[in-house]
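Right, one structure below, let's go through it.
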Amino acid sequence: MRAQIEQIVNNTIAIDLHTHLYTPHFGPAIHLWGIDELVTYHYLVAEQFRFCSLTPAQFWAMSKQQQADHIWQTLFVDRAPLSEACRGVIGVLKSFGLDTSAPNLKDAREFFRAQDPYQHITNVFQLAGISQCVMTNDVFDPNEAAVWEKGFERDPRYHAALRIDPMLNEPHAGYKGSVAESRKFLDAWIERMKPLYMAVSLPPSFQYPEETRRAQILRDVIFPTCKEHNIPFAMMIGVRKRVNPPLGDAGDSLGHADAGAVERICYENPHNRFLVTMLSRENQHELCIAARKFSNLMIFGCWWFLNNPSIVREITAERIELLGASFIPQHSDARILEQVIYKWTHTRRALVDCLESAYHALVLDGRHPTAAEIQKDVDAMLHGNFTKWLIK
């Protein structure tokens, strides 16, 4: 049975629900790809400080290439690259036939410099087994907003998601503030971007309802706007920003949040659809139970610090036991193009393990699943639930 499950999972195309990937139209500061970006990803930045005597100020004073060389030496040459983030880089190099034990990044840099950016996207998507992805589009970033306002030829593989963190977490950033003008602001951007969903990242202290400006904006602006445009609202809950500020993006952490806030939002807005992922491992059981109670809630992915194989297997197995195939097991959250290769490879490994266990238990209880039934479940988890929930 495992061989059958493995074949189905590995041959089924996925849709990546949440990424930080962009097309080349957005420019080199936003469309990130190549070995130097991979090796200087913030996971690896944080990890290398555990092994070296550099201060954050000394590290950030280096050029991008110097940072990459330092991290490669520290994490890949001086010791075995055991962590998930390190193994991810190894997986990417292997997928392109590059030397995973190279003493330096010279050959890898030459390989990536030789790639045509658009053909490279096609190659990466094929290696990852994905057909489409959803960007994270921050209209409060003037550089990104300028690209949208100027206009560009849309790549049908890249969908937009309207990210509104400053509107909720910094209530005076970039818009007038009244309900009418806030609605007008969002309406205009939805018309321009055609996003599949609206999204926000929230701290573990998030509560709903509460007597705050954020709760008022949610109730009077966000929920009605999503309902009117028939798009889901995605909440990613549990991030604690900059617990160690000198590390930059590498200095963020997490905390346990109130899953009851999700339940109250779903209950008060039965005609809205909500996508939710939570960052704390301790929130996952509560979130599964919430999804059993509210059909307008779709839980998705093992986000950020949860995207480690041992935790992914635990969470995915729990979700299968409680929700069957009615959830979206993973998104890559990739910030660097090539990361989707290893993130989806590792996702498929974990999914095979979880499905094998689930189907084996089903056999023991008296029913042997057919190949068609397995394929139907895998289709739902890797792309069907996405299209049903988001592409109306």
Residue among Arg87, Arg50 that is among the basic types (Lys, Arg) and either surrounded by 19 or more Cβ atoms within 10 Å (Cβ to Cβ) or without any contact (Cβ under 8 Å) to a residue 40 or more places away in the chain (or both): Arg50
Report every pair of residues separated by at least 6 positions or lying on different chains whose Cβ atoms are under 7 Å apart, first residue within segment 134-158 and in the same structural domain as Asn169 (by TED's automatic domain parsing), second small (Gly, Ala, Ser) and assigned to a helix (DSSP H, G or I). Val139/Ala145
Of all residues being touching a Gly at 6+ places or on another chain (Cβ under 7 Å) and among the hydroxyl-bearing types (Ser, Thr, Tyr) in segment 296-353, which is surrounded by the fewest Cβ atoms within 10 Å (Cβ to Cβ)? Just the residue, please. Thr345
Determine which single condition Trp33 fails, assuming it passes every other condition in (1) part of a helix (DSSP H, G or I); (2) in contact (Cβ under 8 Å) with a residue 40 or more places away in the chain; (3) surrounded by 19 or more Cβ atoms within 10 Å (Cβ to Cβ). (1)
Which numbered condition Glu373 misses (of (1) within 15 Å of the chain's Cα centre (by Cα); (2) surrounded by fewer than 22 Cβ atoms within 10 Å (Cβ to Cβ); (3) of a type outside the set (Gly, Ala, Ser)): (1)
Checking the conditions here, which among His70, His120 is assigned to a helix (DSSP H, G or I) and more than 24 Å from the chain's Cα centre (by Cα)? His70
Given (1) within 17 Å of Val340 (Cα to Cα); (2) in the same structural domain as Leu21 (by TED's automatic domain parsing); (3) among the charged types (D, E, K, R), Arg87 misses just (2)
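Tell me the residue from Pro195, Pro204, Pro156 that is farther than 29 Å from Ala257 by Cα, assigned to a loop (DSSP other than H, G, I, E, B) and in contact with a strand residue (DSSP E or B) (Cβ under 9 Å, 6 or more places away or on another chain), please. Walk me through it before giving the result.
Working: Pro195 fails: farther than 29 Å from Ala257 by Cα; Pro204 fails: farther than 29 Å from Ala257 by Cα.
Going through Pro195, Pro204, Pro156 in turn, just one is farther than 29 Å from Ala257 by Cα, assigned to a loop (DSSP other than H, G, I, E, B) and in contact with a strand residue (DSSP E or B) (Cβ under 9 Å, 6 or more places away or on another chain): Pro156.
Please go through segment 1-30 and give me each residue that is aliphatic (A, V, I, L, M), more than 13 Å from Thr136 (Cβ to Cβ) and buried (at least 17 other Cβ atoms within 10 Å of the Cβ), ordered by number. Walk me through how you get there before you give the answer.
Residues of segment 1-30 aliphatic (A, V, I, L, M): 1, 3, 5, 8-9, 13-15, 17, 21, 29-30.
Going one step further and asking which of them are more than 13 Å from Thr136 (Cβ to Cβ), we end up with 1, 3, 5, 8-9, 13-15, 29.
Residues satisfying the conditions are Ile5, Ile8, Val9, Ala14, Ile15.
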Glu356 vs. criteria surrounded by fewer than 20 Cβ atoms within 10 Å (Cβ to Cβ), farther than 21 Å from Arg281 by Cα and either acidic (Asp, Glu) or in contact with a Phe, Trp or Tyr (Cβ under 8 Å, 6 or more places away or on another chain) (or both): yes
Among (1) surrounded by 23 or more Cβ atoms within 10 Å (Cβ to Cβ); (2) farther than 21 Å from Gly384 by Cα, which single condition is His368 missing? (1)
Does Phe125 satisfy the criteria of being assigned to a helix (DSSP H, G or I) and under 30 Å from Met381 (Cβ atoms)? yes
If only one of Asp333, Asp379, Asp353 is of a type in the set (Asp, Glu) and assigned to a loop (DSSP other than H, G, I, E, B), which one is it? Asp333
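The values are calculated or read from the model by the stated rules, or taken from the named source; none is laboratory data. Please read all numbers here as calculations on a predicted model, not as lab measurements. Cβ atoms come from the backbone with ideal geometry, glycine included; neighbour counts cover every protein chain shown.
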